[in-house]
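A short worksheet on the structure shown next.
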Amino acid sequence: MLDVGRHPNIELLSYSEVEKVEGRIGDLRVTVRRKARYVEEDKCTGCGTCTEKCPTAVPDAFNEGLGDRRAIYSYFAQGIPSTHTIDPDQCRQLKGKKCGICAKTCQAEAINFDQKDRIVEIDVAAIIVAVGYDVFDPSRIPEYRYREITNVVTAIEFERLLSASGPTVGHLDRPSDRAVEAQIEELEKKARKSQKVLGKLEERFGESSAEFHEKYQAGQYQGDQERQKWADKYAAHLSVMEPLEDLKKRAEGFTVAKRLAFIQCVGSRDFRFYPFCSGYCCMHSVKEAIIAHEHEPETRSTIFGMDIRAVGKGFEEYKIRGGDHSNITYVRGRVAEITEGANHNPVVTYEDTRERKVKSQEFDMVILATACAPTKGIIELAKVVGIELDQYNFVKTSPLSPVDSTTPGIFVCGCAESPMDVPESVAQASSAAERAAEIAIQPRPEMEHAVA
Amino acid sequence: MNKEILIIGGGIAGIQSALDLADMGIKVHLVEKLPSIGGKMAQLDKTFPTNDCAI
Ligand SMILES: Cc1cc2nc3c(=O)[nH]c(=O)nc-3n(C[C@H](O)[C@H](O)[C@H](O)COP(=O)(O)OP(=O)(O)OC[C@H]3O[C@@H](n4cnc5c(N)ncnc54)[C@H](O)[C@@H]3O)c2cc1C
Ligand code: SF4
Ligand code: SF4
């Protein structure tokens, strides 16, 4: 990734979108909108001082909303380029309120609230479409209760929970527990504030709030307005402390998730959504179960699937190793429903097709192996670029020219073409690069097919 | 002089295409709609089947 930022032959146009393509193979004019970052690319050093000071917290998309970022942000820590960006929908200043704190802290004077989108035109010989995919939204399957049961997450969310650079620094803290911890933090903040007020009163009157309150309740200070106020403040403080103590007691029992269920084909091989197999999801469930077990050796995982598709070099061995060394049990069956049991534990109901029985099992967390869905903007982009899409809205190709779109000079690779894993994406990418190079290097595009 | 190429999307596929072309001496413009390149792979903890770090 770093190489892309440094390579003299690569111009990186990040935070940009293609708006128009004109011409034909070998001679295409492309119009690109470079969206305003409100940060000068040539001045920003990526130091991150601004994000430390920005008061506006926003759910962090890179962490799938499991953590926060600031209104001024870098998409992720090692992101290329490291230039920061202000989110115009969230920034106080850009929404017409008073702020500008980032501009005051930025030593490089890189913040520019007046920056505008820029339009650039580029002449190229060919285009490669590599816009990838979106994660299928599992809330479309009501029986899995994603977003209703907090401890049911998607596989990509689980990747972020496993990651040392993620919101839990790699600990498998359950979302329900994290919600309680967030509540504790919130209440502690309140408690600190009310404690400060009480502290001043205690100093002034020379006794503790508890001692005072006992006397007050015994009727000692009737008609004393000052002490009436103190009593009110004390009552308010207690109304924070009581739930806080309860939550803290509950939190003492929290442990990391150790009983994991992985549910395959969520949206894939399902005629209500996508009839195709997304290809990589069986393998990423095996992977995530192996890594979870590496983090915590007591972890036991059950992978529920119609079959585990381990088609690829070294994949079947990987699957078997997971079963032998990482406490993975493979259950053949489709999950009918997920419900919520005690302690926010998801309960999985499924048919064990080997034993021909309907069973239920409780877990600490459930991970949904979501389908590879075509990326949202692809219909629009296909119109702009002038290519056809297939029945699912992946870029249309044919079996004998898997990286050629329906338009000469426009190629495709990776999940924009169809669901595929990283090794396949890379192979297709090299192949698309080669096809594009034929046009860039040969000035006579009509020779294109004669070469083969 | 070689002509130039446009790549739309800076995930692992777009990045690989860009590097291949650039190494052949062809000038590439890589358009990514998000603030940074990397795509989904940057979000992954490790990748199967070798469990190498994703980035
Ligand atoms: C949970 C999970 C775990 C996985 N684990 C593994 C694994 O361990 N090993 C493995 O081999 N595979 C794994 N995969 C599959 C892997 O994510 C894909 O194979 C790979 O990311 C495909 O790369 P891509 O470049 O085609 O797409 P993407 O990664 O989706 O990249 C596309 C890029 O294009 C950009 N883009 C989109 N639209 C536009 C537009 N209109 N203009 C400009 N830019 C645009 C996007 O912002 C993005 O940066 C996993 C998938 C999931 C969901
Ligand atoms: S905008 Fe300024 S403070 Fe923020 S990362 Fe860039 S140089 Fe640092
Ligand atoms: S102006 Fe304020 S809210 Fe906006 S990015 Fe800067 S510090 Fe954040």
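List of remarks:
- Unmet requirement for A:N63, which otherwise passes all of (1) under 25 Å from the mean Cα position of the chain (by Cα); (2) free of Cβ contacts under 8 Å to residues at least 40 places away in the same chain; (3) within 11 Å of chain B (Cβ to nearest Cβ): (2)
- Look at the range A:203-231: where a residue is assigned by TED's automatic domain parsing to the domain that holds A:M241 and a partner is surrounded by 11 or more Cβ atoms within 10 Å (Cβ to Cβ) and assigned to a loop (DSSP other than H, G, I, E, B), sitting 6+ places away or on another chain with Cβ atoms under 6 Å, you get A:R227/A:Y221.
- Residue in the range A:400-420 that is surrounded by fewer than 24 Cβ atoms within 10 Å (Cβ to Cβ), in a helix (DSSP H, G or I), at the interface with chain B (Cβ under 10 Å from one of its Cβ atoms) and in contact (Cβ under 8 Å) with a residue 12 or more places away in the chain present: no
- Residues (within 17 Å of A:A77 (Cα to Cα) and facing another protein chain (nearest Cβ under 7 Å)) located in the range A:1-36: A:M1, A:D3, A:V4, A:S14, A:Y15
- The test for being out of contact with any strand residue (DSSP E or B) (no Cβ under 7 Å at 6 or more places or on another chain), closer than 30 Å to A:T168 by Cβ and within 14 Å of ligand 2 (Cβ to nearest atom) holds for A:G46.
- Residue tally, condition under 24 Å from the mean Cα position of the chain (by Cα), free of Cβ contacts under 8 Å to residues at least 40 places away in the same chain and surrounded by fewer than 20 Cβ atoms within 10 Å (Cβ to Cβ), over the range A:289-312: 1
- Residue, surrounded by the most Cβ atoms within 10 Å (Cβ to Cβ), within the range A:264-288, restricted to residues that are small (G, A, S) and not in a loop (DSSP other than H, G, I, E, B): A:S285
- Scanning the range A:128-137 for residues that are outside any strand (DSSP E or B) and either more than 7 Å from every other protein chain (Cβ to nearest Cβ) or surrounded by fewer than 18 Cβ atoms within 10 Å (Cβ to Cβ) (or both) turns up A:F136, A:D137.
- Filtered residues of the range A:75-92 (kept if within 20 Å of A:D117 (Cβ to Cβ) and touching a helix residue (DSSP H, G or I) at 6+ places or on another chain (Cβ under 8 Å)): A:P81, A:H84, A:I86
Conditions (1) among the aliphatic types (A, V, I, L, M); (2) more than 15 Å from ligand 3 (Cβ to nearest atom), marked per residue:
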position	(1), (2)
A:N63	no, yes
A:R92	no, no
A:Q115	no, no
A:A125	yes, yes
A:S163	no, yes
A:L172	yes, yes
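- Within the option set A:K313, A:K287, being within 13 Å of another protein chain (Cβ to nearest Cβ), in contact with a Phe, Trp or Tyr (Cβ under 7 Å, 6 or more places away or on another chain) and among the charged types (D, E, K, R) holds for one residue only, A:K287.
- Among the residues of the range B:37-55, those identified as in contact (Cβ under 8 Å) with a residue 12 or more places away in the chain, assigned to a loop (DSSP other than H, G, I, E, B) and within 7 Å of chain A (Cβ to nearest Cβ) are B:I37, B:G38, B:I55.
- Set A:K376, A:K383: member being in contact with an Asp or Glu (Cβ under 7 Å, 6 or more places away or on another chain), basic (K, R) and either open to solvent by 10 Å² or more (accessible area, probe 1.4 Å) or without any contact (Cβ under 8 Å) to a residue 12 or more places away in the chain (or both): A:K376
The values are calculated or read from the model by the stated rules, or taken from the named source; none is laboratory data. Every value quoted in this text rests on a predicted model; they were computed, and no experiment measured them. Here the Cβ is made from the backbone with ideal geometry for all residues, glycine too, and neighbour counts use every protein chain on show. SASA here: full protein model, heavy atoms, side chains in, ligands and nucleic acids out. Shrake-Rupley method; radii C 1.70, N 1.55, O 1.52, S 1.80 Å.
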